[in-house]
Amino acid sequence: MNKGMFNKKLVGSLVLAVLLSACKSTPMVDKPAGVEDKSPSSSSVTQPADGSADTSGVKEVVIDSNANNGNNPLNDPNNILSKRNIYFDFDSDAVKAEFRPLIEAHAKYLVANDNAKLILQGNADERGTREYNLSLGQRRSVSVKKSFNLLGVQDKQIETVSFGEEKATPNCADENCHQANRRVDVVYANE
Amino acid sequence: MNKLLNKLRPVLLFIISLFASLAISPANAALEIEISGGSAQQIPIAVVPFGSSVAGQSSNATQVGNIIGADLRRSGLFRVLETGGVVNRPTDINQVKYAEWAALQAQALVVGSVEALPGNRLKVSFKLADVLKQTQLAGMEYNIAPNQLRMTAHKIADVIYQKLTGEAGIFASRIAYINKSKGRYTLQVADADGENPQTVVSSNEPIISPAWSPDGSKIAYVSFEKKKPIIFVQSLMTGQRLTLANFKGNNSAPAWSPDGSKLAIVLTHAANSQVYTINADGTGLKQLTKSSAIDTEPTWSPDAKWIYFSSDRGGRPQIYKVSSIGGEAQRVTFEGTGNLSPRFSPDGKFLVMIRNDGGKYRVALQDLTNGQVQLLSEGGLDESPSFAPNGRVLLYATRVGGRGALAAVSSDGRVKQRLSESGGDVREPAWGPLLN
Amino acid sequence: MMKKLILAGLILTAQLFSISSHAALFDDTEARKKILELEKSMQSQSQASQAMQAELSRRLSALEAIVKNGLADTQAQIEVLKQENARLKGELELANHNVDATQQRQKDLYTDIDARLRQLEAAPVAVAAQPDLVAATLVTVDKNSQEYQLLELANGLSKESKHKEAFNAYDKFVKDYPNSAFAADAIYGLGYSQFALKNYKSAIATQQKLLDTHVESPLVPDAMLSMANSQIQLGLVPGAKKTLRDLIAKFPNSDVTPTAQKRLKALEAIR
């Protein structure tokens, strides 16, 4: 009996020690948990107790339910996530510095929401042939995708497509009008 | 659906540009000599109004004669004589009094008739006669369904054209184009004269890049109906639709190989546009170009050895060529700010393209034997050039008053005509193959 | 990490529970002591993990800063470089094309010139038949050469009417340089000197020699006129007339033709 009890104690301490030492020796491996800690909904203490402790993995679902309730940050006009247009210079596919905060915000959202999928829709002004403009719009959406990749967003969460000049305002009279047509629209898959 | 199509069915009107009105109006017939390009003299021909022994067929008969006359006149190679004042109207060659037609200075004469056959069929017959030699040059009989009447008239015009000029006629061919009207996009097919438009497919999302299969039975096109460009191949007869390419990213710019077994297409997957080949049934995808730039708008040389395409690998879009089995690409065009949309003449000797000269996009024709280039249009945003099957005429899209219109120009640049559609925005024309 | 900590806590709690359920086997003090030890250990572990968390968070922020600013800038720069690279590639393509075109043009030009030269080479007689070309080559003879000096000397003596000396000089030239490019000039000068010395027969023979041996010489008409003059002096009027008629017929545009016409007219008037 005595023996058995000590054995149990020993096992318990060993488990604890192994867990703690794992934390110590490989701190960087635990990245997903770290990201979760930073998200607002991860204050696990205040979560309604929903049964046994081994349901800790549910937290990701909670974030989704947050996104699904009334105050969707994607549609909140005060949230940067509601901003969806990235504009380009003539004949260029370089993402301008002024659009980095927009991309960072959406990247953060995508990293936090594994299930969210983004479609980047490239557009071009009407000058040039339709097929070439389709490719030009595509190159712009690819350029934006690269920015997302650099911020940790995985390829499987992004599809790049192009509308070419098909959605462009026709018969532009000035450069402002053309400028408005040279853009990438950020659209979520379920929208 | 049908109702909607009927409502949208465009009445394609020939709105003739200044050049063409000079070319077509018989009052200015003298100027027509300039347009014929090659033949210094137009052939004076009389098309006797077709007759019928049954009163019920007289309007059909009149229509056939009118279509033949209009086709020949529009080619610029014929002077179609007024026959209104002629009393004797033969419907067969044995009734012809040649002296009367010689007096009208006709060199050639067309007579014919339309008769009803049992089972709601029609018999259309015609004879072509040489007035000076007083001999028959050609003659044919067609047993047709009533809805084939117009096409039969075009076929007769082709026979006459071929007999008298030695070249293949194109009146019986068809053209495809996209019509945008009231927010809907419609892929339509019409006779070469713009008449008899039929809707192939319609959508509230854009449709672009229609391409005829070499046998004329199918059209490949790009539809945005799923919020991204996907390539479909649709049978004209059955309306059956095959999703040819629906890969991640864009699927666009279909171009049939000369034998119709493959298509060159453009895919992006997750990166820039690149040219691929794919079997006509959607199998056997193969990447053809590999660059970090845009490679698009592929087209096959008539001998199927080369695929020409546009690419901005050199900073600005220019035309390149690559072997159709793959390899290094070679640049083909060196002049102009940029060159786009290459298409071959049927004999493979010329390349038509859209040339950007300082922001003006125009149709340009390059002689591949000596590299010389001729500008054929003077618009600012001209697009989508394609050759008629006999290589004599080119069809392209232009803008008139802010709206899309179709235009045709002879390959020597002399004859120009414009087709425009009432209330619509017409673009992306493609001239279909000759049908037999 | 948090998850694992919580899990560890739960296991520990379960462990504690099992310990207390068997408390009867221990005395109280020992149990309490064990509990306190465990609590203390847990506390220190928790503190350590909090510190680690803060450290991780700090390092993550640093990484994010690198990504946001550093990598984004790098990507933008790569795009610019790619564009520049494409532009240069395009210019290289154009330059290569121009070189090819220039080489082709040069080749075409060479072929053309070569073909023309071959034509010329194949027909040398045709070249020789052009008196202007021959005259032009004569001019290029070296003016410092002895033969040229001798000719100049003879011409100078002739101008000074020192006909005897001039005759000697011309005579020496003809003997010393029979194949000279100036041979015709010397023969003509010799004949002219003989005429001046009234040795008409010799003068006629000398000019005849010029006519026979230097058919293409521009001096032929002059020699004929000189010959006619000698014939006149000898009273050979029909011969003189024939010589003058030949001269006028063969060289209607020569400098001496008007003179020849006057002489002929004069001779015909004699009759």
For chain B, longest principal axis from Cα atoms; helix B:58-74 axis from its Cα atoms; angle between them, nearest 10 degrees, is 60
Go ahead and run the numbers for FRET between C:Glu268 and C:Asn155, Cβ-Cβ distance against an R0 of 35 Å, rounding to 0.05.
-> 0.55
Least to most buried among B:Ser261, B:Ser52 (fewest other Cβ within 10 Å first) = B:Ser261, B:Ser52
How far, in nm, would the chain grow between B:Ser53 and B:Asp92 when pulled straight, counting 0.36 nm per residue and subtracting the alpha carbon separation?
-> 12.8 nm
For B:Ser257, other-chain or 5+-apart residues with amide H closer than 5 Å (H placed, Pro excluded) are B:Lys262, B:Leu263, B:Ala264
How many nm separate the modelled label positions at A:Glu191 and C:Val67, each set 7 Å beyond the Cα in the direction of the Cβ?
-> 2.2
In nanometres, what is the gap between the two model label sites at B:Lys290 and B:Asp215, each 7 Å from Cα along Cα-to-Cβ?
-> 3.5
For A:Val186, B:Val96, B:Val54, what's the fewest-to-most ordering of other Cβ within 10 Å of each Cβ?
-> B:Val54, B:Val96, A:Val186
Entries of A:Lys145/B:Lys228; C:Lys198/C:Lys265; A:Lys167/B:Lys290; B:Lys163/B:Lys349; A:Lys108/B:Lys227; A:Lys145/C:Lys68 with Cα pairs more than 18 Å apart | C:Lys198/C:Lys265; A:Lys167/B:Lys290; B:Lys163/B:Lys349; A:Lys108/B:Lys227
For chain B, the longest principal axis of the Cα atoms and the Cα long axis of helix B:149-165 enclose an angle in degrees, to the nearest 10, of 90
Förster radius 41 Å - calculated FRET efficiency between B:Asn246 and A:Lys96 (Cβ-Cβ, nearest 0.05) | 0.80
Aspartates and glutamates near C:Lys82 by alpha-carbon distance under 12 Å, same-chain residues fewer than 8 away left out - which ones?
-> A:Asp93, B:Asp312
Mind scanning B:Lys226/B:Lys262; C:Lys241/C:Lys262; C:Lys209/C:Lys250; B:Lys155/B:Lys180; B:Lys248/B:Lys305 and naming the pairs with a C-alpha gap bigger than 20 Å?
-> B:Lys226/B:Lys262; B:Lys155/B:Lys180; B:Lys248/B:Lys305
Given the Cα-Cα distance of C:Val99 and C:Glu121 and 0.36 nm per residue of separation, how much length would full extension add, in nm?
-> 4.7 nm
Note the full-extension length gain between B:Ala271 and B:Asn66 as 0.36 nm times their separation in residues minus their Cα-Cα distance, in nm to one decimal.
-> 68.4 nm
Which whole-number percent gives the relative contact order of chain B, counting Cα pairs below 8 Å spaced six or more residues apart?
-> 12
Taking the Cα centre of the stretch A:80-188 as origin and charging only Cβ (+1 Lys, Arg; -1 Asp, Glu), how large is the dipole, in debye to the nearest 20?
-> 400
How much FRET efficiency would the formula 1/(1 + (r/R0)^6) give for B:Glu167 and A:Asp174, where r is the Cβ-Cβ distance and R0 is 60 Å, rounded to 0.05?
-> 0.80
Please report B:Thr296, B:Thr277, B:Thr369 as a ranked list, fewest other C-beta atoms within 10 angstrom at the top and most at the bottom.
-> B:Thr369, B:Thr277, B:Thr296
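Here, each number is a calculation from the coordinates, and none is a lab measurement. Because the structure is predicted, anything quoted here is derived from the model rather than measured. Cβ sites come from the backbone with ideal geometry, for glycine too, and all protein chains shown count toward neighbours.
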